[in-house]
Structures are given as C-alpha cells and as structure tokens.
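Below is one structure, written out as structure tokens; comments come after it.
The values are calculated or read from the model by the stated rules, or taken from the named source; none is laboratory data. Just so we're clear, the structure is a prediction, and the values are computed from it rather than from any experiment. Backbone-built Cβ (ideal geometry, glycine too); neighbour counts: all protein chains shown.
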Amino acid sequence: MARILDNINEPQDLRKLKYQELDQLASEIRSEIIDIAHRNGGHLASNLGTVEFTIALHRVFDSPRDKIVWDVGHQSYTHKLLTGRRDRFDTLRKMDGISGFTDPAESPHDAFISGHASNSVSAAFGMAMARELSSDDYNVVAILGDGSLTGGMALEALNQSGHSKTKFIVILNDNAMSISPSVGAVANSLNKLRFSRRLRRVSKGPMSLINKLVSGVQTQQIYKRMMTSVKGLLLPNVIWEELGFTYLGPINGHDIKEVEKALIRARNYTDGPVFLHIKTTKGMGYKLAEDDPVGYHGVSAPKKATEKLSYTAVFAETTMRLMEQDPKIIAITAAMLEGTGLNLVKKRFPERVFDVGICEQHATTMAAGLAIRGYKPIVAIYSTFLQRAYDQIIHDVCLQDLPVTFAIDRGGIVGDDGKTHQGIFDLSYLNCIPNMIVAAPGNESELQHLLYTAVNADHPMAIRYPRGYGIGTKLNKKYLELPVGKSEVMQEGKDVAIVAIGSAVAPSLVSAEILGKEGIGCTVVNARYAKPLDAELITRVASGVELVVTVEENVLGGGFGSSVSSLLHEQNLADTKLVRIGLPDQFIEHGTQRQLRDKYKLSAVEMANRIKSSLS
C-alpha cells in the first residue's frame, strides 16, 4: 500500500489532504523518523513530539516565503520530510547527506541556522523588522522548544520585541511541563475572547473614558491593577502579555485541526506580536520514548561493542571520587547533565551538582561566585557551547584569576552533529586569555590526573577531551598532580619531532611507528598543556631534528601549532622546518569522526604521508 508521505513533495501538497489522511500521514512520518534515527543516530523524542504541529504549521504558512525559524533545529525532522527532502532523509547526519539541524545552505525552507538554542526569537524579530523596513509582506514564526526558553538570549529577545508592536509569532513547543496551564474548554474560551475585536473595542472603552477624567490617574492605576489581577487568576501566563505579546493557548499540539485554528488566528492578528503556547508530548507515538524522553532525546547509530570507557564516563567517575575527597568541589552544567555524565554524580551528591538550564553564561559566573568564596567549581560544558560564555570566562573568571575548572567535553571533531557542534575552536579561543591554563589529555588516565591537578591549581584551568571512547588505558586509583606546563616525551627519534596534544597523541604514535618502518626516526611529544607550553622541552627536541610537526584536532588559526611556531621564533629556531597539522579555516561538515579525520588528514596514515612529503 502506497504511503501518503511518498506523495508529499512540497508543503503545498498538505493542503489537498483531509484530516483523516493527515492523521495517517503523521503515523507514517513517525515510522520514518524512528527508523532513520535508529539507523543513523539522531534526535528522536523531540521530533516525535512535533509531527502534528509541523503538519499544521506548513498547511497554514507558505514556506519558504513565510519565514519559519526553528529553535533548536534538532526538532525539525518532520519539517525536512515535508519540504522536499523526503528522498534524501535516509542520508540524515551522514557525510554528504542532510544535516540533523536546519541550515539555509541546505534548503530555502530553512530560514536560519539553528544548532545552538535560544536564538530564534532574535533572528525572527530581525526578519520581521527587515520586512517592515522593506515594506514587504510575509509572516515570520519563531519556534521555541526543548528548553530553549531557559536561555537568557530568548528572554532578552522577548523582552525587547514584545513591546515593538511588530507583527510576528513566537510559538512555544512546551514538551517539558515547565509551563502547564490547563488544556481544554476554558482555555479555548479565553482565547476566543482575547482575540475578539469586539471585546478589544469594549475593553478600550473604559480606559478611554478614564483618560478623559481630571482625576483619572489614580483611577486608571486601580483599573490596571484590577485587570491584571483578574487575568492572573484566569490565565497563569499573564507574563507574556506583560512582555507585550498577545497570548494564545495552551493548545493541544497533537490535534492538527486545533493547531491549525490557533495558527490561523495568530497569523491573521495584526495588532502586534503573538505568543502561541502549544503543548506536546516528547516521544509521542513511541512508548519507549514517551516513557523515557530524556534517554530517547537522542539515539546513536549501532556501534561495535567495546570494553573501553568513554572520556565522559571517566570524567564522571573521577569527579565523583574527587567530590568524595573534597567537600569544596561543586559541579555545574548547562542542560547537559546526561551528556556530561554529571547525572551519575548528582545521584551521589544531589546538593553539590547544579544543572542551570541552557545558560552557559550564568553557569560560568555562578562558578566564579562560588570560587571567590572558597569553593572549587567544575563547569562541565561541551566545547561548542562554552563559546557562548566567552565574556564570562574572560571577565568573571580569568580577570580575577579564580580557581574554576572547565571540563570541556566534545573537544575536537564531534562527528554526525556537524558544523554547529564541532568542538574545534577551544584551543584557539582559550589560548589567548591571561591566567588561563589549557590542557588536553592524551588518554583516559591522563584525564583523571589533569582533573585532580585542576581542582588544586588555584587558577582557572580548562581541560578539553574528545567525544567517544578512550584508547583503553588502565585507570589509576591514585591521582597525581601533573606539573603545569610540562610535557612528556613518549619516544625518541633523530629525524622528526612530532609534538601532539590531546586526541592527536595516539595517532601520532602510530604515525611514528609507520615512519619508523621506513627508516624515519621520530620523537613524539605528548604536549599535554597548550598553555603554558613546555618551552624548554619543545626547544630541546626541535633543535636536534630536521622537521618539527605539530598535531592538533583544532583549527590551525590561533591554535596549538601557532603557539609552538611563536615559541620557535622566540628561541631563534625560525629556520627549523615546521609543519602544522590540524583543521583548516572553515566550518567542518557532518560525518563520522573517522571519515572526517581521514578527510582532513588527521589519521595516522595521512599524517605519515604528510610528514614523508615534507621531508622529501
């Protein structure tokens, strides 16, 4: 039996279908998302919750003329299926396939890129302002979801845009019970009243009369307080109207007909911005995901079984042990409790582990506040998201030289999540900050020691480590302080000095083995610290070889290799031939970690070939 989905080539095709057919389409879309997410990996529960709502959205609005801004983009799989990407959906998150997030370079239906949360209202308001300035005519819709309303940027944008009287729509996809007024007849009646032009004329009447009274100021204030109190009793979400939005909702996001009515009402409203509240169930239609929406928020593609531990697991176990030893250690994350492994630590120390929501800036300054009062906070945030707290790292932590440890998960190539999530800039953006110590472990055991070193360093210290499994190094029961700024020579050789950091150390050793079989002797240095550099050791090994090679899983601009280059110039070794291996000055697309490391010449074989060609 042919699927209805197979006949949906563009959003306009949805308008030909009856509601019974739309329900069947929703079922087919769910099956497709479940199948591909389990095969390719991806965000599952959040997308299952937006199926009916997205169908209604594309029946009411005319994409790409109308601008639909998703926040965050990982809830847009149904949107992709309905906007001409159905035939390529099986390439989701695969190299050269479609992205797991929205991207204007991929489709004109993707109005804005959205890998990081809380940017949709700002972007949508900017588009609406552009429309007004250009005297154009199109609708603009921002969709908040999956906790993005907790981000300060979203609240800043709501605060400014609500009172602008500019027409655009903000939709809250409420799937986390953070805002939970009743869904039902009373709410629907309130919506009809609130959007009634007749009622608005009537409600403006008393105010117009009061304004004409000589003593109307005090009376007007009493009237306003009365109206606010009444609305507050009837409508818990009065906050949105106080911000300047006309509130509509809550609406059952799984009832296509009801969502359509609400969207049409919001679209046709001309007196300013509208805040539409949609209630959905994360994981809807897939019992496993409904029962465990956090566990099924994202699923991974099938992988071979391994006994190796992930760096995330090692971080969590080490943090737990350190907290057992020192009551002054506090752990903080920003909506990444499970992703950083701190959910396990929180079970053991519920009062000393904090998840602050999508608020990396707040997490960093909160840590600074703890540190200045004698605590030792560990801030665990993915590399790509720590970028959002850059000012706070400089101004609130490093300027005051406070002992905050930044545990930077997903440093380097992340893989399938693509260019919005690759952690390839941290060595560069942290390296230039005074008082900051920057380190990267070459293996799991070294991560343990660096964490122990960091919480005792009495200075800001960042430790970046990769996504995925370690190399199988045996873990230590006793932690060691690794002298700050000191590297380690892994092996000696007479021809080439390979100075590697972090996840680049292991393939550098393999590369040296390959070269050794061809008669090329390599010294391999585990730099361990990107800042401060081990100037003495690097100068010594560089002065005795024909070629120095730096290797890092970071952009070359301003990265580890740049620091080594500067050091060689300072030590009068500028004539020593230097090759810097790392990532180019571009955003790195999605693909598996192995595929991307091969493509960008970071695998052991590719590094060996590069070194041989540089020698010849």
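Hey, can you tell me all the residues within the stretch 456-475 that are over 20 Å from Gln593 (Cβ atoms) and buried (at least 23 other Cβ atoms within 10 Å of the Cβ)? Within the stretch 456-475, Pro460, Met461, Ala462 meet the criteria.
Against the numbered list (1) under 22 Å from Thr384 (Cα atoms); (2) touching a Phe, Trp or Tyr at 6+ places or on another chain (Cβ under 7 Å); (3) without any contact (Cβ under 8 Å) to a residue 60 or more places away in the chain, Ala124 comes up short only at (1).
When Val551 is tested against (1) closer than 22 Å to Pro483 by Cα; (2) surrounded by fewer than 19 Cβ atoms within 10 Å (Cβ to Cβ), just one condition goes unmet, and that condition is (2).
Suppose we filter Thr405, Thr384 for residues that are of a type in the set (Ser, Thr, Tyr) and crowded, with 24+ Cβ neighbours inside 10 Å; which single one remains?
Values: Thr384 fails: crowded, with 24+ Cβ neighbours inside 10 Å.
None of the other options fit; the residue is Thr405.
Just to be sure I understand the filter: pairs with C-beta atoms under 6 Å, separated by 6 or more residues or on different chains, first member in the stretch 337-348 and part of a helix (DSSP H, G or I), second member of a type in the set (Ser, Thr, Tyr) and at pLDDT 95 or above. Which pairs pass? Close Cβ pairs (under 6 Å, with a partner that is of a type in the set (Ser, Thr, Tyr) and at pLDDT 95 or above) amount to Leu342/Thr333; Val345/Thr319.
The condition of being over 33 Å from the mean Cα position of the chain (by Cα), part of a loop (DSSP other than H, G, I, E, B), closer than 25 Å to Pro483 by Cα and of a type in the set (Gly, Ala, Ser) holds for only one of Gly519, Gly558, Gly544, that being Gly544. Within the stretch 518-535, is even one residue closer than 30 Å to His74 by Cβ and either at pLDDT below 95 or surrounded by fewer than 19 Cβ atoms within 10 Å (Cβ to Cβ) (or both)? No - not one qualifying residue is present in the stretch 518-535. Taking the stretch 562-610 as the range and being of a type in the set (Ser, Thr, Tyr) and either at pLDDT 95 or above or in contact with a Lys or Arg (Cβ under 7 Å, 6 or more places away or on another chain) (or both) as the test, the residues that pass are Ser562, Ser563, Ser565, Ser566, Thr592, Tyr600, Ser603. Residues in the stretch 1-20 that are surrounded by 12 or more Cβ atoms within 10 Å (Cβ to Cβ) and in contact (Cβ under 8 Å) with a residue 60 or more places away in the chain: Leu5, Ile8, Asn9, Glu10, Pro11, Leu14. The set of residues in the stretch 279-319 that are over 20 Å from the mean Cα position of the chain (by Cα), in a loop (DSSP other than H, G, I, E, B) and over 24 Å from Glu258 (Cα atoms) comprises Asp292, Pro302, Lys303, Lys304, Ala305, Thr306, Glu307, Lys308, Leu309.
When Gln392 is tested against (1) within 18 Å of Leu370 (Cβ to Cβ); (2) buried (at least 23 other Cβ atoms within 10 Å of the Cβ), exactly one condition is not met: (2).
Name the one entry in Glu589, Glu536 that is of a type in the set (Asp, Glu) and in contact with a helix residue (DSSP H, G or I) (Cβ under 8 Å, 6 or more places away or on another chain). Reasoning before the result, please.
Details: Glu536 fails: in contact with a helix residue (DSSP H, G or I) (Cβ under 8 Å, 6 or more places away or on another chain).
From the options Glu589, Glu536, the qualifying one is Glu589.
One line per residue, one yes/no per condition, for (1) assigned to a helix (DSSP H, G or I); (2) among the aromatic types (Phe, Trp, Tyr); (3) surrounded by 18 or more Cβ atoms within 10 Å (Cβ to Cβ):
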position	(1), (2), (3)
Ser566	yes, no, no
Ile581	no, no, yes
Asp585	no, no, no
Glu589	no, no, no
Leu596	yes, no, yes
Met607	yes, no, yes
Arg610	yes, no, no
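Of all residues in the stretch 111-138, those that are within 19 Å of Glu10 (Cα to Cα) and buried (at least 22 other Cβ atoms within 10 Å of the Cβ) total 1. Somewhere in the stretch 270-289, is a residue at pLDDT below 95, among the basic types (Lys, Arg), surrounded by fewer than 23 Cβ atoms within 10 Å (Cβ to Cβ) and not assigned by TED's automatic domain parsing to the domain that holds Leu17? No, the conditions are met nowhere in the stretch 270-289.
Checking Asp23, Asp71 one by one, the residue that is surrounded by 23 or more Cβ atoms within 10 Å (Cβ to Cβ) and in the same structural domain as Thr281 (by TED's automatic domain parsing) is Asp71 and no other. Considering the stretch 476-489, the residues that are out of contact with any Phe, Trp or Tyr (no Cβ under 8 Å at 6 or more places or on another chain) and under 26 Å from Glu536 (Cβ atoms) include one that is surrounded by the fewest Cβ atoms within 10 Å (Cβ to Cβ), namely Pro483.
Going residue by residue through the stretch 125-135, is there one that turns out to be in a helix (DSSP H, G or I), closer than 23 Å to Asn268 by Cα and among the basic types (Lys, Arg)?
Step one: of the stretch 125-135, the residues in a helix (DSSP H, G or I) are 125-133.
Adding the requirement that they be closer than 23 Å to Asn268 by Cα leaves 125-133.
If we keep only those that are among the basic types (Lys, Arg) too, we end up with 131.
Within the stretch 125-135 (the criterion being in a helix (DSSP H, G or I), closer than 23 Å to Asn268 by Cα and among the basic types (Lys, Arg)), the answer is yes, since at least one residue qualifies.
Within the bounds of the stretch 471-488, is there any residue that is outside any loop (DSSP other than H, G, I, E, B) and of a type in the set (S, T, N, Q)? If you could, list the steps in order and put the result at the bottom.
Of all residues in the stretch 471-488, those outside any loop (DSSP other than H, G, I, E, B) come to 488.
Still in the list and also of a type in the set (S, T, N, Q): none.
There is no residue in the stretch 471-488 that is outside any loop (DSSP other than H, G, I, E, B) and of a type in the set (S, T, N, Q).
From Ile381, Ile408, Ile433, which residue is without any contact (Cβ under 8 Å) to a residue 60 or more places away in the chain, in contact with a strand residue (DSSP E or B) (Cβ under 9 Å, 6 or more places away or on another chain), under 30 Å from His590 (Cβ atoms) and in a loop (DSSP other than H, G, I, E, B)?
The match here is Ile433.
Return yes when Pro108 is surrounded by fewer than 24 Cβ atoms within 10 Å (Cβ to Cβ), modelled with pLDDT of 95 or more and closer than 19 Å to His590 by Cβ and no when it is not. Explain how you work it out, then say what you get.
Working: surrounded by fewer than 24 Cβ atoms within 10 Å (Cβ to Cβ): yes; modelled with pLDDT of 95 or more: yes; closer than 19 Å to His590 by Cβ: no.
No; evaluated as a whole, the condition is false for this residue.
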